[in-house]
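Peer 1: Handing you this structure, nothing more for now.
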Amino acid sequence: MGESYVYITGTSDGQGDRMEDLQAILPDGSEFDFWEQKTLWKREWIVDAKALEDGADGTAAHPFPRIQQAASLAEPGDRVRIHAGVYREWVHPERGGTDPWHMISYEAFGDGKVEIRASEQVKSFRKSTGWRLASNPFANTEPAQMRVYEYDLDPDLFRGYNPFGMVNILHDRLFLEYDKTDMTPFLERRGRIFCDGVPLRQVALYNQMSEGDGTYWVEANGMKVHFRLPGDAEPKDHRIEVTVREQCFAPAEPFLSYIRVKGLTLLHAATGAPVPQRGALSAFRGHHWIIEDCTVDWPGCVGVDVGDECWHHEHEPGRLTGYSVVRRCRILHAGVCGLAGLFARHMLVEDCLFEGIGWQKMELSWEAGAVKFHNSVNGLIRRNVFLNTFRADSIWLDCGNENNRITGNLFLNGQEQREAIFIECTRDGVNLIDNNIIWNVEGRFDPSKIPAEPGSSGWYKLVENDAVNGYGIYGEGTDHLYVAHNLIGLCRGSGYYEKPVAFRQSGIDRGGTSRDAHIRNNIFYQCGNAAITFPTRDNDSDGNLFVNMRGGYLRVMYPEPELCLHLPAWKEFLGFDLHSQRHFVQHRTDAFWSS
């Protein structure tokens, strides 16, 4: 691998700093650039939702009732401390800090949960009239015992942004492959209704509410909604909220930098599908943000954005993007993307929980991931938990990624997920994936596209079909990838899979070979098709343990016909994994059978 690349995490010897340093070593041997400094706050602004407007001056004795009042005044070196409460507002900082010693901080006071909600509570409902619940338009009777209510949305709620009048579909639609995807979620309205904090399910037609409770429908002009609560409950007995703002915390002007957001909970943002990448919490093209101990829950499409937002913006030479920290955050139930960053360089993402990302089923918009970075350079993604990601990658590094390290993370239960980690279209530099656990990647495919192989016909096919996916780590047109010391198990397809992409050359002037991959010292457990699938033999593999792998679980795809081998043949014919072993585990006992 070469002396300049460090790919193993050390064991603790009682010196905690040394352990931390080893986890922070990037593939080129340098240490991640930790730029944070201790700020000596020169002034504090106090906010309390229970405070009175009259006489409020932001002092402890007379706090502001709204966060925006402090955000309009805060200067570099100021700290805004926010007492527990519910704040229904869009917070847009009017300025940023100047350097790591003079940041502006927005943080929870510490006396309870600080919630910034992009929704408003609504009341004054009436029984829905004028529309048929029966699916048959000629029926004379309506389904019985169903309670459907309607609500006229107040235009004053929206202040220039009505998500009920807008669809999810992304602004740049050129990447959508309409013939391959269900367009229904793209064309649904962005506005949603929450009952006691849980979203109702949107339907396309009024009468579809008769097919299930907990549903809602939006009229054509986006100014009236009809809904049916779970159990056909009456809304007067519940808290009903409608989304009215796109974002919870985001500057109105781009490029504000050196801002810290700490300990806040951001809910119900009516964000649209990327691109542009506009999250409930947004750095809006700024750099050197610290986002820590925050919770982002139920954003429509994007949870947090930390990069350049959109590739159609002008790019000024030398302008920084990224250089930010996302730490100990909980990013939950984002419909498409949990954490997004375009040209997000020098990013640190650590100790976060990403759960339930991808429920909008928009993976073929090609922006779906718990973490989705483009052109990531010198990034460190470590010690995070990715749980129940749905129809989206857990980590997707897209195009031009150099010197990134993904280490010490847990990837668990990728539901209908094509791969847990996706490294795409990366030609130069080295990226390292080490010391992670990847477990249960279900795959997403159409069983009807798997060709039938009656009798012995399947024995003599020259190339395996590619209908079945479900990969632990997937490289597409990516060179120089190092995968070491990971536990990869229960992937429906391959634990490691890579393929070349010859004709994607824009801005790069060459295709990707998917060569010079190094697969070292990993444990592969019971992957459905293969442990390792190389595109060619111009790669390297050794020191791995293959457990409960059956059939031709070690594969080279090109030149055709592909090779499907077991470990002894892999060693004999290709010289791979000369120091590796294969084991069988007899379930429910501690017995091992080795070869």
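Peer 1: If you take the alpha carbon radius of gyration of segment 205-249 and divide it by 2.2 N^0.38 Å, what ratio comes out, to two decimals?
Peer 2: Cα-based Rg divided by the globular estimate yields 1.32.
Peer 1: Quick one, what does Rg over Rh come out to for segment 149-297 if you take C-alpha atoms and the Kirkwood Rh? Let's see the in-between values first.
Peer 2: On the way: Rg = 17.1 Å, Rh = 17.0 Å.
Rounded to two decimals, Rg/Rh equals 1.01.
Peer 1: Hey, another quick one. So for the chain, averaging the separation of alpha carbon pairs under 8 Å that are six or more residues apart and normalising by length, what relative contact order in percent results?
Peer 2: 8 percent
Peer 1: How high is the FRET efficiency between Ala134 and Thr98 when r is their beta carbon distance and R₀ equals 56 Å, given to the nearest 0.05?
Peer 2: On the way: r = 64 Å, r/R0 = 1.15.
It comes out at approximately 0.30.
Peer 1: Let me ask something else. Which whole-angstrom value gives the distance between the alpha carbon centres of segment 476-549 and segment 361-392?
Peer 2: Centre-to-centre distance over Cα atoms comes out at 18 Å.
Peer 1: Relative to the compact globular guide of 2.2 N^0.38 Å, what is the alpha carbon radius of gyration of segment 482-565, as a ratio?
Peer 2: Against the compact-globule rule of thumb, the ratio is 1.14.
Peer 1: Normalising by the residue count of segment 339-455, find the relative contact order in percent from Cα pairs under 8 Å and 6+ residues apart.
Peer 2: On the way: 315 pairs, mean separation 27.0, N = 117.
Relative contact order comes out at 23 percent.
Peer 1: Are there trypsin sites (Lys or Arg not before Pro) in segment 60-155 that DSSP marks as loop and that have at most 11 other Cβ atoms within 10 Å, and which are they?
Peer 2: Loop-located and lightly packed - Lys123.
Peer 1: Something else: Counting DSSP beta bridges in the chain, what percent are antiparallel, to the nearest 5?
Peer 2: In the chain, approximately 20 percent of DSSP beta bridges are antiparallel ones.
Peer 1: With +1 on the Cβ of every Lys and Arg and -1 on the Cβ of every Asp and Glu, and nothing else charged, how large is the dipole of the chain about its Cα centre, in debye rounded to the nearest 20?
Peer 2: The calculated dipole for the chain is roughly 1100 debye.
Peer 1: Separate question: I'm a student and want to see the number: the projected area of the Cα convex hull of segment 345-449, averaged over all directions, in nm².
Peer 2: 6.5 nm²
Peer 1: Can I ask one more? With the crude spin-label approximation of a point 7 Å out along Cα→Cβ, what separation in nm comes out for Thr536 versus Asp516?
Peer 2: It is 1.3 nm.
Peer 1: Among Ile395, Cys527, His288, which residue has its Cα positioned farthest towards the positive end of the charge dipole of the chain, with +1 placed on the Cβ of Lys and Arg, -1 on the Cβ of Asp and Glu, and the dipole taken about the Cα centre?
Peer 2: Cys527
Peer 1: Please report the carbon-and-sulfur percent of the accessible area for the chain; probe 1.4 Å, protein heavy atoms only, DNA, RNA and ligands left out.
Peer 2: 51 percent
Peer 1: Using a Förster distance of 60 angstrom, determine the FRET efficiency expected from the C-beta separation of Ala61 and Val463, and round it to 0.05. List each step's numbers first, then the result.
Peer 2: Numbers: r = 76 Å, r/R0 = 1.26.
Step by step, r from the Cβ atoms, then E = 0.20.
Peer 1: Normalized C-alpha radius of gyration of segment 320-386, against 2.2 N^0.38 Å? Before the final figure, lay out each step's value.
Peer 2: Working: Rg = 11.7 Å, N = 67, 2.2 N^0.38 = 10.9 Å.
In units of the 2.2 N^0.38 Å rule of thumb, it is 1.07.
Peer 1: First select every other residue whose beta carbon is under 12 angstrom from the beta carbon of Gly369; then total the charges, Lys and Arg +1, Asp and Glu -1.
Peer 2: That sum, taken over residues with Cβ under 12 Å, equals -3.
Peer 1: With each pseudo-label sitting 7 Å past Cα toward Cβ, what's the Tyr178-Val585 distance in nm, one decimal?
Peer 2: Label-label distance for Tyr178 and Val585, simple model: 4.8 nm.
Peer 1: Give the share of C-alpha pairs in each 5 angstrom bin for segment 79-225, from 0 to the last occupied bin, in whole percents, shortest bins first.
Peer 2: With 5 Å bins starting at 0, P(r) equals 2, 7, 12, 15, 14, 13, 12, 10, 7, 4, 2, 1, 1, 0, 0.
Peer 1: Right, next: On a 1.4 Å probe surface of the protein chains, which of Met347, Met166 comes out largest in accessible area, and what is the full order?
Peer 2: Met166, Met347
Peer 1: Can you pull the Rg over Rh of segment 443-588, Cα-only, Kirkwood?
Peer 2: Looking at segment 443-588, the ratio lands at 0.97.
Peer 1: Hey, another quick one. For segment 293-353, what does the equivalent ellipsoid look like in terms of its semi-axes, each the square root of 5 times an eigenvalue of the Cα gyration tensor, given largest first in whole Å?
Peer 2: So the equivalent ellipsoid measures 23, 15, 6 Å along its semi-axes.
Peer 1: How charged is the neighbourhood of Glu188? Take every other residue with its Cβ under 13 Å from the Cβ of Glu188, and add Lys/Arg as +1 and Asp/Glu as -1.
Peer 2: Neighbourhood net charge equals +4.
Peer 1: Considering every pair of different Cα atoms, what Kirkwood radius, in Å, is found for the chain?
Peer 2: 25.8 Å
Peer 1: Please give me, ordered by residue number, the chymotrypsin sites (Phe, Trp or Tyr not before Pro) of segment 193-294 that lie in loop per DSSP and have at most 16 other Cβ atoms within 10 Å.
Peer 2: Hits after loop and neighbour filter: Phe255.
Peer 1: Let me ask you something else. Pull out a ≥ b ≥ c, the square roots of the eigenvalues of the alpha-carbon gyration tensor of segment 272-385, then state rounded if a/c is under 1.5, prolate if not and a/b is larger than b/c, and oblate in the remaining case. Could you put the intermediate results ahead of the total?
Peer 2: On the way: a/c = 1.79, a/b = 1.18, b/c = 1.51.
Since a/c reaches 1.5 but b/c is at least a/b, the shape of segment 272-385 is classed as oblate.
Peer 1: Looking at segment 188-302, what % of its DSSP beta bridges pair antiparallel, to the nearest 5?
Peer 2: In segment 188-302, approximately 45 percent of DSSP beta bridges are antiparallel ones.
Peer 1: Probe of 1.4 angstrom, ligands and nucleic acids ignored: what's the accessible area per residue over the chain, in square angstrom?
Peer 2: Per residue, the chain has 43 Å² of solvent-accessible surface.
Peer 1: I would also like to ask the following. Would you please put 494-501, 48-55, 314-321 in order of how densely packed they are, using the mean number of other Cβ atoms within 10 angstrom per residue and starting with the highest?
Peer 2: In decreasing order of mean packing, 494-501, 48-55, 314-321 become 494-501, 48-55, 314-321.
Peer 1: Treat each spin label as a single point 7 Å out from the Cα along the C-beta direction, and report the Leu205 to Gln68 distance in nm.
Peer 2: 4.1 nm
The values are calculated or read from the model by the stated rules, or taken from the named source; none is laboratory data. What you are looking at is a predicted structure, and each value in this text was computed from that prediction instead of being measured. Note that each Cβ is placed from the backbone with ideal geometry, even for glycine, and that neighbours are counted across all protein chains shown. Note: accessible area is taken over every heavy atom of the protein model, side chains too, but ligands, DNA and RNA are not part of it. Shrake-Rupley method; radii C 1.70, N 1.55, O 1.52, S 1.80 Å.
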